[in-house]
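Note sheet for the following structure.
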Amino acid sequence: MIPVVDKPTIQYVVEEAVQAGIEEILVIVSSGKDAIREHFAPHDALEHLLEKKGKAKELKCVRSLSDMAKMHYVHQESMRGLGDAIRYAKDFADGDPFAILLGDTVIRSHTKISVLQSMVQIHDKHESSVIALRAMPRSSISQYGVISGKAIGDRLFEIDQLVEKPDAAQAPSLLAVSARYIVTSRIFEHLEDTRPGFGGEIQITDALNTLAQREKMLGFQFEGERLDIGNKLEFIKSNVLMGLEQPDMKADLEDFLRKLID
């Protein structure tokens, strides 16, 4: 719920999913996250007040939140890693492929369509799981899960293994797993067999690795930025980059940045 410019981070993520054609969204929430439910719920009293005051622009924004997708929620009893959180989506997926989007990460595409839209197209063509990848410098690759595999097309890779936070010198590639996934429902079988690792957490990378041994899994190296709002520097960069896209802020922000540089 941390805002970037004028919207909470998760709203950017939900909008990305909707743009890719997703109509139903499940949010895995933990204790104390009622604000997420409230943000996307209808607000009749507020809508009435805005309508009464003639604030059409603000009214449109409020209504769009509850109309953009059918939202579902499930409560994660304890925070035991991303893999554990995904297990709560089994009934929701109901045997179908589904997308996983990390709620604290904004993905910006440098192409005409979003990263998730490209991944949906790849999934539809190849009928396989697809993982978003980003090239990282070797100096920081040990902070991420990375893949090994072979190139089969432009920015497209067939994955044979995933390694969580490898030693930089031993990393099988410099392509890091990057916060967006489309997976088949068979991932749940592997999550059930995945044992907790460091800190008692169940890692999604471990389950993906075993899934990749049993069925085709592709990686898509996207052109764009991954903005991790949980990282202080990335949070500042996110506000600057996205603030420059606001017509009413662009000139003042550019002037401010020039003064900082001078």
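The values are calculated or read from the model by the stated rules, or taken from the named source; none is laboratory data. Owing to the predicted nature of the structure, the values given are computational and were not obtained by experimental measurement. Every residue, glycine as well, gets a Cβ built from its backbone with ideal geometry; the counts of neighbours run over all protein chains shown.
Tabulated values for the structure
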item: Only one of 195, 226, 180 that is basic (Lys, Arg), surrounded by fewer than 14 Cβ atoms within 10 Å (Cβ to Cβ) and closer than 19 Å to residue 164 by Cα; result: 195
item: From the options 129, 109, residue that is at pLDDT 90 or above, in contact with a Phe, Trp or Tyr (Cβ under 8 Å, 6 or more places away or on another chain), polar (S, T, N, Q) and closer than 30 Å to residue 240 by Cβ; result: 109
item: Matching residues, segment 201-224, being among the basic types (Lys, Arg) and out of contact with any strand residue (DSSP E or B) (no Cβ under 9 Å at 6 or more places or on another chain); result: 214
item: Matching residues, segment 1-39, being loosely packed, with under 13 Cβ neighbours inside 10 Å, closer than 20 Å to residue 233 by Cα and more than 16 Å from the chain's Cα centre (by Cα); result: 6
item: Hey, residue 208 over 16 Å from residue 107 (Cα atoms) and surrounded by 18 or more Cβ atoms within 10 Å (Cβ to Cβ) or not; result: yes
item: Entirely in segment 90-154, the strands (runs of 3 or more DSSP E) that have 1 or more residues that are over 30 Å from residue 169 (Cα atoms); result: 98-101
item: Inter-residue pairs, beta-carbon under 6 Å, first within 19 Å of residue 12 (Cα to Cα) and in segment 243-262, second of a type in the set (Val, Ile, Thr), 6+ apart; result: 243/5
item: Matching residues, segment 226-262, being over 18 Å from the mean Cα position of the chain (by Cα), under 23 Å from residue 114 (Cβ atoms) and acidic (Asp, Glu); result: 245
item: First in segment 139-161 and under 15 Å from residue 209 (Cα atoms) and among the hydroxyl-bearing types (Ser, Thr, Tyr), second anywhere and outside any strand (DSSP E or B) and modelled with pLDDT under 90, Cβ under 7 Å, 6 or more apart; result: 144/165
item: Residue among 151, 135, 169 that alone is under 30 Å from residue 243 (Cβ atoms) and not aromatic (Phe, Trp, Tyr); result: 135
item: Tally, over segment 45-89, of residues that are of a type outside the set (A, V, I, L, M, F, W, C) and assigned to a helix (DSSP H, G or I); result: 14
item: Among the candidates 134, 138, residue that is crowded, with 19+ Cβ neighbours inside 10 Å, of a type in the set (D, E, K, R) and under 23 Å from residue 232 (Cα atoms); result: 134
item: Residue list for segment 95-125, restricted to those being surrounded by fewer than 16 Cβ atoms within 10 Å (Cβ to Cβ), over 27 Å from residue 8 (Cα atoms) and touching a residue at least 40 places away in the same chain (Cβ under 8 Å); result: 95, 96
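Okay, residues lined up against (1) touching a strand residue (DSSP E or B) at 6+ places or on another chain (Cβ under 8 Å); (2) of a type in the set (A, V, I, L, M):
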{"position": "19", "(1), (2)": "no, no"}
{"position": "22", "(1), (2)": "yes, yes"}
{"position": "25", "(1), (2)": "yes, yes"}
{"position": "39", "(1), (2)": "yes, no"}
{"position": "49", "(1), (2)": "no, yes"}
{"position": "56", "(1), (2)": "no, yes"}
{"position": "60", "(1), (2)": "no, no"}
{"position": "63", "(1), (2)": "no, no"}
{"position": "67", "(1), (2)": "no, no"}
